[in-house]
Amino acid sequence: MSFADRVQNPALRAKIMSADEAAALIPAGAHVGMSGFTGAGYPKSVPQALARRIEKLHAAGEEFRIGLWTGASTAPELDGALAKVHGIDMRLPYQSDPTCRRQINAGDMQYTDMHLSNVAQFVWFGFLGKLDVAVVEVAGILPDGRLIPSSSVGNNKTWLDQADKIILEVNSLQNAGLEGMHDIYYGTRLPPHRVPIPLTEPGERIGEAYLTCDLSRVIAVVPTRQPDRNSAFAAPDENSKRIAAHIIEFLQHEVKLGHLPPELLPLQSGVGNIANAVLAGLDDGPFKNLTAYTEVLQDGMLDMLRSGTLAMASATALSFSPDALADFNQNIDFYRQRIVLRPQEISNHPEVVRRLGVIAMNAMIEADIYGNVNSTHIMGSSIMNGIGGSGDFARNAYLSFFMTPSVAKNGTISCIVPMVSHVDHTEHDVEIMVTEQGLADLRGLSPTQRARLIIEKCAHPDFRPALRDYFERSLAGASGKHTPHLLEEALSWHSRYLETGDMLPVTASQEPVHLV
């Protein structure tokens, strides 16, 4: 389908212009809401044109930066291009771009890390200020002006509803068969007028297949033909396979106990290689007729849909490797019957997550012996990516898993520490912790019971003796025995790593010895 066929509304055809012309309509200091969620459905041409404009203005001595709001992470053509020219003043709610990360950690870019389910409502509440411009990728425009959403929905409904001015980037490379895959719910209200979201199962449709907007606020329609960021996933390594095996064994046991039905409950899975390994293990496992209620649909779930292990999946975005994308495009009629893409305020809605009984599986950077989880910061101060949707799911899930290899950086960092250097998920929201070493079921345990279990089940053997030693000395010497800590030592592992490059303590006669 050509670009001309993608823009069928006469009034909007009259507003077709180049990316450079559209970028010139974005003022300095504007709050700009751009589409995009985990490398899918983000505008490609306008952000790059805006970056070129900013670079020229900066070279001429003029200041130009914007506030950038998205659904989640985007790609080099958006985050990377604008960060490279120092064009972003404030970024929210999530990022994963290395240039952005460097500028945030250097203090050159402000960053507000937010639960993804909160973003749309915060904009509606007015908590973040006025949204000046929306730049939204769509797959097409119908004669009546309705918009065919792209490969992600994210916060696009809110951007289109709230922005003073709208720029639509029509990507003719997005598969036209996406039409009909989306479910855009327009029933949300502001307090005190909220009503229950009428969603009772993952595959149910409660909205419309299209996005809508006030066409008088559309100031530009820009043609583009560029792919999403489709990165290949690494093949599952041995540690990832072990983590997956622990989770599958646990789920089988929960079914045997009657805690779960044979088809489990809707699955939520974070993004990454460990998550894909878990999904691959589930696909090879004993469970059938599974469903998913998640935020991102990646390769593992596509495999499960194709095999029939997964009957239906609800998400807000697609994030595929090149091979998976080719399969998706070739078989899009098959997948359209089994995939629903929703706004992230619905895909991540805490009440819906709780009511459906979602099984949440998310990655972490580190956890402490009492079950607190850090999923965002390195050594306490440096942001990695952000909390994303993990908090939306973890606190409200029927079962909440957090997963990580037990060590990092060739064994010099323990991912199980006395005290986390930053807390994203408190011990109250962490039910099951998993590393390649084992699985710790923390439900119903006191802090000291959790500590013993986490050390023995999840910590790497290199670090277990030091963790046991810290815990036992805390029990003996702390002022309180409920969650005992030696405050002068609690973060010493992180300090030691920053000073020596290794978390293991070193005596005068002994160098650190690692088994990995």
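The values are calculated or read from the model by the stated rules, or taken from the named source; none is laboratory data. Note that the coordinates shown come from a computational prediction; the quantities given were computed from them, not determined experimentally. Glycine gets a Cβ as well: all are built from the backbone with ideal geometry, and neighbour counts include every protein chain shown. Just the protein is used for accessible areas: all its heavy atoms, side chains included, with ligands, DNA and RNA removed. Shrake-Rupley method; radii C 1.70, N 1.55, O 1.52, S 1.80 Å.
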Just one of the numbered conditions (1) open to solvent by less than 10 Å² (accessible area, probe 1.4 Å); (2) out of contact with any strand residue (DSSP E or B) (no Cβ under 8 Å at 6 or more places or on another chain) is not true of A14; which one? (1)
Hey, can you tell me all the residues within segment 128-144 that are over 19 Å from A49 (Cβ atoms) and crowded, with 18+ Cβ neighbours inside 10 Å? L128, L131, A139, G140, I141
Scan segment 292-302 and give yes if some residue there is open to solvent by 10 Å² or more (accessible area, probe 1.4 Å) and in a helix (DSSP H, G or I), otherwise no. yes
Inspect segment 311-326 for any residue being without any contact (Cβ under 8 Å) to a residue 12 or more places away in the chain, under 26 Å from G71 (Cβ atoms) and open to solvent by 10 Å² or more (accessible area, probe 1.4 Å) and give the result as yes or no. yes
Pick out the one residue from G438, G371 that is surrounded by fewer than 23 Cβ atoms within 10 Å (Cβ to Cβ) and either modelled with pLDDT of 95 or more or of a type in the set (D, E, K, R) (or both). G438
Within segment 441-494, residues within 25 Å of S400 (Cα to Cα), of a type in the set (D, E, K, R) and surrounded by 14 or more Cβ atoms within 10 Å (Cβ to Cβ) come out as D441, R450, R452, E456, K457, R464
Looking at E345, E366, can you tell me which residue is over 23 Å from P261 (Cα atoms) and in contact with a Cys (Cβ under 6 Å, 6 or more places away or on another chain)? E366
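Condition check ((1) more than 19 Å from D462 (Cβ to Cβ); (2) touching a Pro at 6+ places or on another chain (Cβ under 8 Å); (3) basic (K, R); (4) at pLDDT below 95) across all residues:
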position: S479; (1), (2), (3), (4): yes, no, no, yes
position: H482; (1), (2), (3), (4): yes, yes, no, no
position: H494; (1), (2), (3), (4): no, no, no, no
position: Y497; (1), (2), (3), (4): no, no, no, no
position: M503; (1), (2), (3), (4): no, no, no, no
position: A508; (1), (2), (3), (4): yes, no, no, yes
position: E511; (1), (2), (3), (4): no, no, no, yes
position: L515; (1), (2), (3), (4): no, yes, no, yes
Within segment 87-107, which residues are small (G, A, S) and on the phi < 0 side of the Ramachandran plot? G87, S96, A106
Could you tell me whether segment 167-186 includes any residue that is farther than 22 Å from F122 by Cβ, open to solvent by 60 Å² or more (accessible area, probe 1.4 Å) and in contact with a strand residue (DSSP E or B) (Cβ under 6 Å, 6 or more places away or on another chain)? yes
Looking at S421, S400, which one is within 26 Å of P236 (Cα to Cα) and either open to solvent by less than 10 Å² (accessible area, probe 1.4 Å) or in contact (Cβ under 8 Å) with a residue 12 or more places away in the chain (or both)? S400
Kindly evaluate L279 against the criterion of being farther than 19 Å from T435 by Cβ and either open to solvent by less than 40 Å² (accessible area, probe 1.4 Å) or touching an Asp or Glu at 6+ places or on another chain (Cβ under 6 Å) (or both). no
Apart from one, (1) in contact (Cβ under 8 Å) with a residue 12 or more places away in the chain; (2) assigned to a helix (DSSP H, G or I) all hold for A440; the odd one out is (2)
Could you list all residues from segment 261-288 that are in a helix (DSSP H, G or I) and in contact (Cβ under 8 Å) with a residue 60 or more places away in the chain? I274, A275, V278
Hey, among the residues in segment 208-225 that are more than 16 Å from N156 (Cα to Cα) and open to solvent by 50 Å² or more (accessible area, probe 1.4 Å), which one's nearest to the chain's Cα centre (by Cα)? R225
Residue tally, condition open to solvent by 30 Å² or more (accessible area, probe 1.4 Å), closer than 12 Å to H182 by Cα and in contact (Cβ under 8 Å) with a residue 12 or more places away in the chain, over segment 337-367: 1
